[in-house]
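Below: the structure, in structure tokens.
The values are calculated or read from the model by the stated rules, or taken from the named source; none is laboratory data. Please read all numbers here as calculations on a predicted model, not as lab measurements. Neighbour counts run over all protein chains shown; Cβ positions are idealised from the backbone, glycine included. Side chains are part of the model used for accessible areas, which takes the heavy atoms of the whole protein and leaves out ligands, DNA and RNA. Shrake-Rupley method; radii C 1.70, N 1.55, O 1.52, S 1.80 Å.
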Amino acid sequence: MANTATRSFLQVAATEEATTPLRVVQIEGLVILKIIKHCKEFSPALVTGQLLGLDVGSVLEVTNCFPFPLEMMRCLREVNVDNNTVGWYQSTLFGSFQTVELIETFMNYQENIRRCVCIIYDPSRSNQGVLALKALKLSDSFMELYRSNNFTGEKLREKNLSWVDIFEEIPIKVSNSALVSAFMTELEADTPVSQCDYDRLQLSTSPFLERNVEFLIECMDDLSMEQQKFQFYYRNLSRQQAQQQAWLQKRRAENMARKNAGEEPLPEEDPSNPIFKPIPEPSRLDSFLITNQIANYCNQINGIPDQAIIVAQPGKMEFFGPVGL
């Protein structure tokens, strides 16, 4: 009876976990500080690390993190600290994180972890006065299509999948324990600030804007190359279809002559003929990722409050701003 009740409870719990979507990623403030410190110390080099925590219903709690290597897991397990892996974090440069390598890492994590996230931190954008921190996961529809490794246009239309459906951004909620909140309250100064940090008055966004535009132009070139691949594919497909029609008309005329002569007609398809060999369609995954990256650069450029005058010169682009209205 007890075993039946236990199995019933476990089945109900598994069903509830499978049907509860991930709504929020709750990160402790100390974890965010450790991620920022690690990423800024090695910037502009890209770094990565492990996220530890708990998966509770619709909330993924991140309670600890550490840079790789992985032997830290054993040490945390020995001192009875949360050692359940819930994902990883990585730094990026000007939002350039939407790559095939990120998708492959997600798929590798998904083999052992039912729900995992990737925390992306951008030190270059954070220098502009915003906390460039986001939590991402792969959409279920994209993971299903990625496992089949079929990114043809027909399959994408069948699944109703577009470039915006690759990643899902999960809201981040920062939490602190009561002791940490009390300690931060004690740290607050009772007197007004007597010193000014004049670096905060620096409003120039020219380097950030310039690099974003440069990366955007590179992505546009990459997207143009992907489009040329598809144009080449459709030209070959059209040429092959024309050859097939010409061969089919010739075979039908030959069969008509054989029929008049009382001979058996020949088959209208010849698999051994090279013109009947299907031409593989290029994968659309790269073009989807490039389009995602272009949208990300455009959003970053649109988010810059200062306006600049762009003067284009051969082989050089200069920015003058901000411009007063």
Using a Förster distance of 30 Å, how high is the FRET efficiency between N236 and E158, based on the Cβ-Cβ distance and rounded to 0.05?
0.80
What residues have an amide H closer than 5 Å to that of V174, excluding those fewer than 5 places away on the same chain, when H is modeled at 1.01 Å from N in the peptide plane?
I27
Of the accessible area of the range 82-148, computed with a 1.4 Å probe and all protein chains kept, carbon and sulfur make up a percent value of 43 percent
Calculated FRET value between E186 and S283, using beta carbons and R₀ = 56 Å, to 0.05:
0.50
Express the accessible area of the range 212-313 per residue in Å², computed with a 1.4 Å probe while the remaining protein chains stay in the model.
68 Å²
Give the relative contact order (percent, whole number) for the range 212-313; include only Cα pairs under 8 Å separated by 6+ residues.
45 percent
Quick check: at a probe of 1.4 Å, how many percent of the accessible area of the range 212-313 sits on carbon and sulfur atoms?
54 percent
Full-extension gain between E210 and N302, please, as 0.36 nm times their residue separation minus the C-alpha to C-alpha distance.
31.8 nm
How many nm is it between the label spots at N260 and T48, if each spot is 7 Å from the Cα in line with the beta carbon?
7.0 nm
